[in-house]
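Accompanying notes for the structure given below.
The values are calculated or read from the model by the stated rules, or taken from the named source; none is laboratory data. This structure is a prediction, so every number in the text was calculated from the model and none was measured. Neighbour counts are summed over all protein chains in view; Cβ atoms, including those assigned to glycine, are modelled from backbone coordinates with ideal geometry. Heavy atoms of the whole protein, side chains included, go into the accessibility calculation; ligands, DNA and RNA do not. Shrake-Rupley method; radii C 1.70, N 1.55, O 1.52, S 1.80 Å.
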Amino acid sequence: MNQGLLLRFENLVQLRGACQQLRALSSRKVCAARWKPVELSARPVGSLPLHPQLWPKHRLISAALSQCRHLATKEETKKKKKRIPLTKGEVEIRQKMTVEELAQAMGKDIDHIYEVLLYTNINLDSVEPDSILSEDHIKMIVQKSGMKYKSAKLKEEKERKNTDAVKRPPADPAVLTPRPPVVTILGHVDHGKTTLLDSLRKTQVAAMEAGGITQHIGAFIVHMPSGEKITFLDTPGHAAFSAMRARGTNVTDIVILVVAAEDGVMQQTIESIQHAKNAGVPLILAINKCDKPEADPERVKKELLAHDVVCEEFGGDVQAVNISALKGENLMVLAEATVALAEMLELKADATGLVEGTVIESRKDKGKGPLTTAIIQRGTLRKGCVLVAGKTWAKVRFLFDENGKAVDAASPGTPVEIMGWKESPSAGDEILEVESEQRAQEVVAWRTYVEQQEKMKKDLEVIEAKQKEHRVEYEKQQQKLAHLTWRQRKAVLYKANKQLMFSRPKERTEMDENTLSLIVKGDVDGSVEAILNILDSYDCEDECKLDIVYFGMGDISENDISLAEAFNGVIFGFSVKANESIKKLADKKGIKIKLHNIIYKLIEDLKDELNSRLPPTLVETTVGEASVLDTFAVTVGKTKIPVAGCRVHKGLLDRKMKFKLIRNRDVIWKGCLSSLKHHKDDVQVIKTGMDCGLSLDKNLEFSIGDEIICYEEKEVQQTTSWDPGF
């Protein structure tokens with residue numbers, strides 16, 4: 001009896017301990033999940049019988065551990081889901097992903113992407129790590145890699161606020177004050193424009209210009225004896241500087257058209273008239289070089305009628321003045337006509353408020369940095385003003401007049417040179433004054449952003465056009481392989497594209513031998529622009545490719561030498577210098593530096609450089625001609641050799657030279673003779689009127705009437721067919 005009570009007591013103690021353990025487990029809140037009793041294999045825990053039969057100890061332990069294992073597994077699964085947002089093999093993709101971005105998202109290297117692209121219609125020649133892939137190609141690459149894709153949620157970009165600077169509204173007429181007229185001198189090259197201005201301001205401008213030809217715009221003020229001021233713009237007359245002449249008319253009030261009395265209307269004369277008409281600017285005709293015996297001013301006036309330039313004596317409104325710029329004849333008459341026309345135009349401007357102007361020219365100076373020549377059109381420019389032009393800005397440090405003297409202010413209609421630019425603006429850019437440097441930076445940032453957006457749109461258009469082109473080629477290729485099984489098609493495509501894998505554009509360092517790489521440097525922005533405009537007309541890419549590696553302003557530097565060395569290029573400089581250390585460095589590295597001060601000489605030198613890159617051609621020069629009069633065969637050993645009996649009727653036959661056999665006007669053989677005989681004697685030369693027997697280095701049958709031509713080949717250097725237009 002005592003033993004039975006002890007057994008029951010022990011059983012109750014064990015049951016109590018198990019219940020405490022289970023209660024503790026059930027009270028835990030793991031991942032907000034309620035505990036549920038787990039049924040054992042024998043019976044539920046809740047139905048444990050209280051009788052003398054012992055409850056097995058291992059069953060209690062297994063019941064507790066089973067529930068514990070169940071809850072721990074659930075907890076770990078939840079943690080794992082929190083740590084890894086994407087399941088294994090799933091890639092988050094978005095639109096406009098690059099090759100490099102897709103490789104990173106997939107956890108692969110770039111070579112894996114290229115291998116998959118071998119099976120697509122994409123041309124690997126145009127694919128680089130930063131190339132944008134279409135959404136279809138992104139999905140296909142992921143699928144072919146044995147992975148799944150998941151589209152990422154795109155964040156919509158907020159529309160950026162326009163922070164650009166704009167012109168002020170028109171001023172109140174009450175605050176307008178008179179300003180000097182801006183006069184542009186236009187005309188054909190070498191018709192005397194600079195000489196005219198030289199006589200007007202009594203300085204030797206033309207003597208400073210290379211070859212007497214104006215290479216860039218000169219802006220300056222001429223003080224008349226009567227006290228009036230006239231701002232003159234001297235523009236180049238050469239064909240290469242059309243854009244600079246157009247800029248000159250856009251900021252001018254009056255155009256003086258200079259025409260040489262002995263030459264009459266020329267190409268740039270017509271172009272200058274068109275520029276003036278487009279800008280809506282009135283003309284004054286200055287017929288120059290009237291002191292020459294062959295001068296004919298009346299012929300000039302009549303020629304201009306064909307271009308709607310009607311002089312006053314013919315009933316028009318264009319004043320015509322006969323002058324001699326070299327001798328200074330009638331210059332005051334021309335100046336008075338200009339002042340009279342300016343008074344009729346009633347030229348006025350607002351000299352208060354924020355400054356507005358136009359960049360006429362820009363250049364770089366070693367000591368002063370970027371400089372611009374500008375015409376002020378509104379407001380008064382002073383030191384400390386903050387200006388914006390294009391994608392750069394300036395805090396004005398110094399102002400200079402046309403003679404290089406420092407000035408404190410520049411009023412409307414005044415040309416001035418501005419110092420303090422962060423970078424050189426482009427000629428023709430609009431100058432606007434802003435309130436602060438921070439505001440200037442906002443304007444530049446906005447303009448840069450707009451330019452980037454426009455560039456992205458253009459790039460996308462080009463990419464879509466390329467993809468469409470490749471898709472058409474791919475469909476044509478698939479049609480050719482339609483008769484093959486899919487395995488055979490894949491094998492053929494892989495073999496055809498395998499070599500492209502190892503010759504991606506980024507890894508190609510060899511330059512085409514038939515390519516001329518250029519580094520262009522100029523003294524001012526307009527000069528560089530003129531040269532680039534000429535190079536834009538280059539249309540002989542099949543002969544020799546033209547690659548402009550870099551262009552800019554300033555003297556030749558070590559950076560230019562390094563670029564030329566890297567691209568095997570040539571440096572062309574216009575009105576710039578290269579110091580001795582730069583020249584020695586260029587000679588040491590074998591770099592050509594070509595410096596010029598006259599535009600057409602630079603272009604001629606460029607054409608010579610292009611010619612040197614062209615491969616020589618073989619030119620055939622006929623030395624002699626003979627006719628086949630008879631044919632026979634000579635046995636040498638066991639071989640019969642055809643022999644032709646010929647008579648030379650022009651020139652001579654030289655055995656050392658090359659020959660060709662012509663039959664019915666068709667060349668059927670070219671090569672050398674195996675023998676040349678005259679009366680059974682081996683000879684080297686057969687002259688006109690002599691008979692001979694000859695055999696070829698190939699056993700070819702002759703026919704009576706065949707022509708034998710003796711010729712020599714010479715290498716002749718090709719010349720480019722590019723015509724820059726002057």
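Accessible surface of Lys391 in the full protein assembly, 1.4 angstrom probe, to the nearest 10 Å²?
Around 90 Å² of this residue is reachable by solvent.
Could you tell me how far the Cα centroid of segment 514-551 sits from the Cα centroid of segment 563-597, in Å?
That distance is 15 Å.
Taking every eigenvalue of the Cα gyration tensor of segment 617-717, multiplying by 5 and rooting it, what semi-axes result, largest first, whole Å?
Numbers: eigenvalues 97, 44, 36 Å².
They are 22, 15, 13 Å, listed from largest to smallest.
Within the accessible area of segment 515-614, what % is carbon and sulfur when the probe is 1.4 Å and the other protein chains stay in place?
Values: 2000 of 4460 Å².
Accessible surface attributable to carbon and sulfur in segment 515-614 totals 45 percent.
Mind scanning Lys229/Lys327; Lys368/Lys577; Lys193/Lys292; Lys368/Lys584; Lys368/Lys405; Lys167/Lys348 and naming the pairs with a C-alpha gap bigger than 19 Å? List each step's numbers first, then the result.
Details: Lys229/Lys327 23 Å; Lys368/Lys577 17 Å; Lys193/Lys292 16 Å; Lys368/Lys584 27 Å; Lys368/Lys405 14 Å; Lys167/Lys348 17 Å.
In this structure, Lys229/Lys327; Lys368/Lys584 lie more than 19 Å apart at Cα.
Using the eigenvalues of the Cα gyration tensor, what equivalent ellipsoid semi-axes result for segment 351-482 when each is taken as the square root of five times the eigenvalue, whole Å, largest first?
Numbers: eigenvalues 434, 45, 28 Å².
For segment 351-482, the ellipsoid semi-axes come out as 47, 15, 12 Å.
How much of His112 can a 1.4 Å solvent probe reach, expressed as accessible area in Å² and rounded to 10?
40
Based on the mean of other Cβ atoms within 10 Å per residue, sort peptides 685-694, 520-529 so the most packed one is first. Numbers along the way, then the final one.
Working: 685-694: 16.8, 520-529: 24.5.
Top to bottom by mean Cβ count within 10 Å: 520-529, 685-694.
Using only Cα atoms, figure out Rg for segment 515-614 and give it as a multiple of 2.2 N^0.38 Å. Write out the running numbers ahead of the final one.
Values: Rg = 12.7 Å, N = 100, 2.2 N^0.38 = 12.7 Å.
With N residues counted in segment 515-614, Rg over 2.2 N^0.38 Å equals 1.00.
Kindly report, to the nearest 10 Å², the accessible surface of Arg179 as traced by a 1.4 Å probe over protein heavy atoms only.
Approximately 60 Å² for this residue.
Taking K and R as +1 and D and E as -1, what net charge do the other residues with C-beta under 10 Å from the C-beta of Gly554 add up to? Intermediate results must be reported in sequence, preceding the final value.
Details: positive: Arg363, Lys364, Lys366, Lys521, Lys577; negative: Asp365, Asp523, Asp555, Asp560.
Overall, the nearby charge balance is +1.
Can you compute log10 of I(q)/I(0) for segment 90-151 with the Debye formula, treating each Cα as one identical point scatterer, at q = 0.29 Å⁻¹?
Taken in order of the listed q values, log10 I(q)/I(0) reads -1.57.
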